[in-house]
Every structure is written in C-alpha cells, then in structure tokens.
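K.L.:
Dumping the structure here so I can ask a few things about it.
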Amino acid sequence: MRRETGRAVAVNGRSVHVEESGRGADWVVFEAGAGLGRTSWDAVLPLLADRARLVAYDRAGFGRSGRTPGRLGIDDLAADLAALIGEVVPRSSPPVLVAHSMGGLVARRAADSPGLRLRGLLLLDPTPESAPVYDRFDRTAGKVDRVLAVTQALVRLRPLARLGSGNLRRAFPADTYATMLAEDLVPAGIAQTRKELRAVVEAIPRFRAEPPGLPSCPTVLLSPSRPDRGRAVQRTAMTAHQRQWVATLPDGLFEVVDSGHLIQAEQPGAVAQAVGRLLDRTGPR
C-alpha cells in the first residue's frame with residue numbers, strides 16, 4: 001500500500017515532488033524513464049529500506065511536480081537532478097544514482113556536473129547515443145508523437161486510459177498502477193511525455209558530438225534479456241552497444257537480467273542487489 005506523501009523541493013526555479021523513505025547512513029537517488037515517475041520504483045524501495053535513505057521524485061512537469069510552461073531539455077532535467085541531490089542529500093554522503101531508460105541520459109549528464117559527487121551509478125537498460133536506434137530517431141519520435149497525441153485525447157476517458165495501459169497494470173503492483181493511472185496517465189502526463197521525447201531528439205546530436213564525461217564512480221549497467229515482441233534484432237544491437245559503452249568505463253560492469261525493459265518492476269530484487277553491491281564496494285563515507 002502506498003503511504004508516502006512526499007514534499008515539494010525547489011530546483012532551478014521549478015518545483016519537483018520528492019518522496020523519501022528508508023533509513024541508514026547511505027543514500028540512493030532514483031531517476032525514472034520517459035513516461036514514468038517516482039512510482040516506477042515502488043517495487044524496489046522496500047527491498048532497500050533497511051539499507052539506505054531512498055529518494056524518488058517526479059521530474060518537473062510530471063506526476064505531482066509543478067507544471068512547466070515550456071519544454072525542458074535533457075540538460076535542464078540533468079541540472080534539476082543535480083540540484084535536487086544538492087538540496088536533499090548531505091554533501092558528506094554522496095549517493096548511488098539509479099536511472100532507467102531515458103533517465104540514463106539525464107543521469108549521465110548530471111553525473112558530469114561540476115561539484116556533483118556520486119558513490120555509484122546504476123543504469124537500467126539505457127540507450128547509448130551510439131545505438132543505431134538513434135540514427136533516424138527524429139522520424140521514429142515523430143511517429144510515436146502522433147500516437148501519443150491521440151492517446152493524450154483518449155485518456156480523458158478513464159476506461160480507455162485503463163485499456164491502453166495494460167502493460168503497466170500487469171507490470172506494477174495494483175496500488176502503484178492506480179497512482180500512475182490517476183497522476184501520469186492523464187492529458188498533462190502524456191503531454192509531458194511528448195515534450196521529453198522531443199528533448200531526447202534534440203539531445204542526441206550533442207551527445208554524439210560531445211558525450212558526457214565517463215563516470216568516475218563505479219558503474220553497473222543492467223541489460224534485459226527479453227526483447228519486446230518483434231524487436232529481437234534491435235535488442236541484439238542495443239545489447240552490443242551497451243556492452244561497448246561499459247567497456248570504455250574506468251570501473252564498469254555489464255550484467256544481463258532475465259527481464260523485459262521494465263527491470264525495476266519485473267526484477268526488483270536484481271536492482272536492489274546491484275545497488276547493495278555498489279554500496280558494499282565503495283564502503284561507508
């Protein structure tokens with residue numbers, strides 16, 4: 001049962017909704033993927049509650065966070081993440097940062113921020129900028145945006161919102177899904193997802209030309225073994241590029257997990273174990 005109420009935290013002139021849980025001297029911060037927010041970590045947080053202080057949040061414009069009049073870029077979202085860590089996490093306790101999917105772009109850019117120290121970085125099925133899926137991503141995103149535009153209108157009808165979100169209903173606990181349905185699967189939430197999709201389109205050329213610096217902290221990448229239906233070839237290519245990126249890191253580890261893309265929902269134990277290993281490796285601060 002979801003009980004966290006959270007609080008508003010001001011970052012860069014914006015307001016983001018933050019939920020804090022757990023206990024201990026260590027800290028872990030969670031960055032969601034596109035179309036998802038703090039609730040996407042609900043299955044993972046209880047597994048780490050006795051190990052560390054846990055911070056999950058909604059990006060600006062999403063979930064319970066304040067709305068934004070314009071479109072924020074990946075650099076803006078990364079700046080918000082870095083500012084959030086500075087506001088919530090004690091400077092003496094650098095956190096492990098966990099990020100899913102598109103959140104990996106945000107987390108990598110944030111990790112490159114001057115003055116931000118991380119104890120470890122855990123990435124769940126991120127898409128490296130070298131991946132071929134980004135070669136014509138502007139066209140792909142255009143097609144997805146047209147679908148989302150229709151979805152944005154249809155979710156006003158609650159039965160259609162439930163019908164169109166069966167993948168989330170099957171993946172997440174019932175109370176988590178109910179919160180997603182009420183907060184995220186609404187016109188404003190779909191509109192924000194469309195903005196973030198465009199932000200990725202605009203960010204990729206720069207990521208390819210000027211990629212963020214390689215993380216100096218221990219880094220783990222979890223890659224799912226099960227592709228989406230009809231996307232086995234794309235999954236193979238994605239996995240290869242993920243391996244290649246990890247191989248460039250000064251302290252990186254690549255692991256395959258028996259899961260689909262929503263690793264935090266399908267294999268929360270694997271995520272919690274990876275966080276625990278990062279905390280164990282780097283020791284108390």
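K.L.:
Mind listing just one residue for me: the one in the stretch 117-132 that is of a type in the set (A, V, I, L, M, F, W, C) and in contact with a Leu (Cβ under 9 Å, 6 or more places away or on another chain) and, of those, surrounded by the fewest Cβ atoms within 10 Å (Cβ to Cβ)?
P.N.:
Leu118
K.L.:
Any chance the stretch 45-53 includes a residue that's of a type in the set (A, V, I, L, M), over 22 Å from Thr179 (Cβ atoms), touching a residue at least 60 places away in the same chain (Cβ under 8 Å) and in contact with a Leu (Cβ under 9 Å, 6 or more places away or on another chain)?
P.N.:
yes
K.L.:
Which ones in the stretch 163-181 are more than 19 Å from the chain's Cα centre (by Cα), among the hydrophobic types (A, V, I, L, M, F, W, C) and surrounded by 13 or more Cβ atoms within 10 Å (Cβ to Cβ)? Spell out the reasoning first.
P.N.:
Within the stretch 163-181, the first condition is being more than 19 Å from the chain's Cα centre (by Cα), and the residues that meet it are 163-164, 166, 170, 174-175, 178.
With the extra rule that they be among the hydrophobic types (A, V, I, L, M, F, W, C), the set shrinks to 163, 174, 178.
The one that is more than 19 Å from the chain's Cα centre (by Cα), among the hydrophobic types (A, V, I, L, M, F, W, C) and surrounded by 13 or more Cβ atoms within 10 Å (Cβ to Cβ): Ala178.
K.L.:
Failed condition for Ala99, given (1) modelled with pLDDT of 95 or more; (2) assigned to a loop (DSSP other than H, G, I, E, B), with all others met?
P.N.:
Unmet for Ala99, out of (1) modelled with pLDDT of 95 or more; (2) assigned to a loop (DSSP other than H, G, I, E, B): (2).
K.L.:
For the structure I just gave you, tell me whether Leu116 is farther than 26 Å from Gly164 by Cα and touching a residue at least 40 places away in the same chain (Cβ under 8 Å).
P.N.:
So Leu116 does not fit the description; no.
K.L.:
Could I ask something else about it? So, of the residues in the stretch 45-65 that are over 17 Å from Leu84 (Cβ atoms) and not hydrophobic (A, V, I, L, M, F, W, C), which turns out to be surrounded by the fewest Cβ atoms within 10 Å (Cβ to Cβ)?
P.N.:
Top of the filtered list is Asp50.
K.L.:
Among the residues of the stretch 206-225, what is the count of those that are surrounded by 14 or more Cβ atoms within 10 Å (Cβ to Cβ) and over 19 Å from the mean Cα position of the chain (by Cα)?
P.N.:
First, the residues of the stretch 206-225 that are surrounded by 14 or more Cβ atoms within 10 Å (Cβ to Cβ): 206-207, 211-212, 214-224.
Among the residues that remain, those that are also over 19 Å from the mean Cα position of the chain (by Cα) are: 206, 216.
The qualifying residues number 2.
K.L.:
Going through the stretch 217-272 one residue at a time, which ones are among the β-branched types (Val, Ile, Thr) and assigned to a strand (DSSP E or B)?
P.N.:
Thr219, Val220, Val256, Val257
K.L.:
Turning to a different aspect of this structure: Could we say that Ile204 is under 16 Å from Gly63 (Cα atoms), aliphatic (A, V, I, L, M) and modelled with pLDDT of 95 or more here?
P.N.:
no
K.L.:
Residues of the stretch 13-44 being part of a loop (DSSP other than H, G, I, E, B) and either surrounded by 15 or more Cβ atoms within 10 Å (Cβ to Cβ) or among the charged types (D, E, K, R) (or both), which ones?
P.N.:
Within the stretch 13-44, Arg23, Gly24, Asp26, Ala32, Gly33, Ala34, Gly35, Leu36, Gly37, Asp42, Ala43, Val44 qualify.
K.L.:
Out of everything in the stretch 134-143 that is loosely packed, with under 15 Cβ neighbours inside 10 Å and either touching a residue at least 40 places away in the same chain (Cβ under 8 Å) or not basic (Lys, Arg) (or both), what residue ends up being farthest from Val256 (Cα to Cα)?
P.N.:
Gly142
K.L.:
Further, regarding this structure: List, please: which pairs have Cβ atoms under 6 Å, are six or more places apart or on different chains, and start with a residue in the stretch 218-236 that is more than 19 Å from Met102 (Cα to Cα) and end with one that is assigned to a helix (DSSP H, G or I) and at pLDDT 95 or above?
P.N.:
Close Cβ pairs (under 6 Å, with a partner that is assigned to a helix (DSSP H, G or I) and at pLDDT 95 or above) amount to Pro218/Leu278.
K.L.:
Looking at the structure I just gave you, is Leu160 farther than 24 Å from Val44 by Cα and either surrounded by fewer than 17 Cβ atoms within 10 Å (Cβ to Cβ) or in contact with a Ser or Thr (Cβ under 6 Å, 6 or more places away or on another chain) (or both)?
P.N.:
Taking the combined requirement at face value, the residue satisfies it.
K.L.:
While we're on this one: I'm told Thr5 meets every condition in (1) in contact (Cβ under 8 Å) with a residue 24 or more places away in the chain; (2) assigned to a loop (DSSP other than H, G, I, E, B) except one. Can you identify the failing condition by its number?
P.N.:
Only one criterion in (1) in contact (Cβ under 8 Å) with a residue 24 or more places away in the chain; (2) assigned to a loop (DSSP other than H, G, I, E, B) is unmet by Thr5, namely (1).
K.L.:
Kindly check whether there is at least one residue in the stretch 189-209 that is touching a Ser or Thr at 6+ places or on another chain (Cβ under 6 Å) and within 22 Å of Ala149 (Cα to Cα).
P.N.:
yes
The values are calculated or read from the model by the stated rules, or taken from the named source; none is laboratory data. Please read these numbers as outputs of a predicted model, since none were measured by experiment. Don't worry about glycine lacking a Cβ; one is built from the backbone with ideal geometry, like all the others, and counts go over all protein chains shown.
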